[in-house]
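Note sheet for the following structure.
The values are calculated or read from the model by the stated rules, or taken from the named source; none is laboratory data. Source: prediction; values computed, not measured. A quick note on method: Cβ atoms are made from the backbone with ideal geometry, for glycine too, and the neighbour counts reach across all protein chains shown.
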Amino acid sequence: MKVEEKVLGKITPSAEEQRRIGKAVAELTERVGGIIEERSLPITPILVGSIAKGTHLTNPDIDLFLMFPPTVPKEEIGRIDKGIGREILDKPEERYAEHAYISGHWQGFKTDLVPCYKVSSGKGRISAVDRTPFHTEYVIEHLGEGQRDQVRLLKQFAKGIGVYGAEAKTQGFSGYLCEILILKFGSFGELLSHAKRWKAPVDLWIEVAASKKFDEEFVFVDPVDPSRNVASPVSPLNLRLFSDACKAYEKEPDERFFFPKAQALLSDAGLKEALGKSLCTVLIELPALGVVDDVLWPQLRKTGVSVRDILEREGFSPSKLSLAADGDMSIIIVDCGTAELPESYIHTGPPANSPEVENFLAKWKGRGNSEPVVKKGKWQVEVGRKERSPVEVLEKQFGEVRLGKGFRKSGRTAIVSGAGLMEKSYRKALTAHLEKRMPWER
């Protein structure tokens, strides 16, 4: 408990900060309300998110939703929202969730001004954005005063171990998921006691069981809409990481779980040593697309999985896949269990009595490393390989990679392994890829 008290002292807004937050929210709502009244717009502003629910950490984001009647076209609500946002927010930037919206800053706080439709309930075929006000209302009604600090602990714990955020880059725990987890188990400690034993599939619900079958390994039925899985963004890897972290924290509570040390970049010697423990590490450099993370990361993940699939198909036994992106480049890294393929392989053809035999023999007779023969009822021939390393294979077959849309347009790639990995611009991504310690072990 001493650890958690110290953590709460660092992450709970002080009375002075809470005053600033309240003032900023009130003045933002008043400013938006003035514009709405002046232009006779059919909008109701509503505060949502962690500030509205009282579960926010220090330096929180302000989430103000603009509720429109469903009769207003989607393009129109986006246009109006963007117009208001650009007029009042500092450093406005257009983003897109279910609807286009504006993100910027208001009185020093990161602020999202998001349009949504005013609907009668959180159920049915509505967007996640339109459902958010119902999530806010549900948590306000059900979360006890003492439980708000428990949510804060869980959010900071998830941040510390690297699994906080439902966005495409992180594939982790949303703020709302953290809140209903505390509602389900009552406290941070009780959640940890249960989560340390979690093994997929994990199925949770509060009031109503699911109204449909979910395919994900981690399911928490949305109490606002039983047809929705709040935990669907959480990747299997992050679910296991969270469970492992809960087990380790219960064994030895420490502030490092909430505030881990920054990851120090590997030195040249350290990188050489770490790479030496892997049979073969291959890195693919792709361009920076200059788009927001929620557009970039699905494309990068799709491309990375396709690269791994090709290496698997060709017999390189790929294991760990890592993705990274910064302002200059996008990166895919794969460890391979095989560094070099044999000089030849056996190509299996049609059954001995198949009508395709004639074509097979015409293609391979006198062209393989051996003459075609029948073994176990099928024709086969030994064929020589020209590309034997992961880099050679990927360079030859990169046209078969299922590239994300942005990467298909760019076309610029570099595929490296061995000494090429010593390039300084790859150091941060390789350090993260090769790190064996958990965040709290640094």
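Per-residue answers, yes or no, for (1) surrounded by 18 or more Cβ atoms within 10 Å (Cβ to Cβ); (2) over 13 Å from Ile284 (Cβ atoms); (3) aliphatic (A, V, I, L, M):
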{"site": "Phe398", "(1), (2), (3)": "no, no, no"}
{"site": "Lys405", "(1), (2), (3)": "no, yes, no"}
{"site": "Arg412", "(1), (2), (3)": "no, no, no"}
{"site": "Gly418", "(1), (2), (3)": "no, yes, no"}
{"site": "Met422", "(1), (2), (3)": "no, yes, yes"}
{"site": "Tyr426", "(1), (2), (3)": "yes, no, no"}
{"site": "Ala432", "(1), (2), (3)": "no, yes, yes"}
{"site": "Met438", "(1), (2), (3)": "no, yes, yes"}
{"site": "Glu441", "(1), (2), (3)": "no, yes, no"}
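State all residues of region 1-17 that are modelled with pLDDT of 95 or more and exposed (fewer than 15 other Cβ atoms within 10 Å of the Cβ); if no residue qualifies, say none. It would help to see each step written out before you state the result.
The first filter runs over region 1-17 and keeps only residues modelled with pLDDT of 95 or more, leaving 3-17.
Glu5, Lys6, Gly9, Lys10, Ser14, Ala15, Glu16, Glu17 - these are the residues of region 1-17 that are modelled with pLDDT of 95 or more and exposed (fewer than 15 other Cβ atoms within 10 Å of the Cβ).
Please determine whether any residue of region 143-161 is more than 21 Å from Thr12 (Cα to Cα) and in contact with a helix residue (DSSP H, G or I) (Cβ under 8 Å, 6 or more places away or on another chain). Break it down into steps so the answer makes sense when it comes.
Of the residues in region 143-161, the ones more than 21 Å from Thr12 (Cα to Cα) are none.
Scanning region 143-161 turns up no residue that is more than 21 Å from Thr12 (Cα to Cα) and in contact with a helix residue (DSSP H, G or I) (Cβ under 8 Å, 6 or more places away or on another chain).
Take the residues in region 324-340 that are surrounded by fewer than 20 Cβ atoms within 10 Å (Cβ to Cβ) and of a type outside the set (Gly, Ala, Ser); name whichever of them is nearest to Ala166 (Cα to Cα).
So, considering only residues that are surrounded by fewer than 20 Cβ atoms within 10 Å (Cβ to Cβ) and of a type outside the set (Gly, Ala, Ser), the one nearest to Ala166 (Cα to Cα) is Asp326.
For Phe157, indicate whether it is surrounded by fewer than 20 Cβ atoms within 10 Å (Cβ to Cβ), of a type in the set (Phe, Trp, Tyr), in contact (Cβ under 8 Å) with a residue 60 or more places away in the chain and within 23 Å of Gln18 (Cβ to Cβ).
So Phe157 does not fit the description; no.
Would you say Glu179 is part of a helix (DSSP H, G or I), closer than 18 Å to Ile11 by Cβ and among the acidic types (Asp, Glu)?
Yes: the conditions hold for Glu179.
Looking for whichever is under 30 Å from Trp379 (Cα atoms) and either of a type outside the set (Gly, Ala, Ser) or at pLDDT 90 or above (or both) here; the options are Gly349, Gly304. Which one fits? Reasoning before the result, please.
Numbers: Gly304 fails: under 30 Å from Trp379 (Cα atoms).
Just a single option satisfies the conditions, and that option is Gly349.
Would you be able to tell me the number of residues in region 193-227 that are closer than 30 Å to Ser322 by Cβ and buried (at least 17 other Cβ atoms within 10 Å of the Cβ)?
The qualifying residues number 11.
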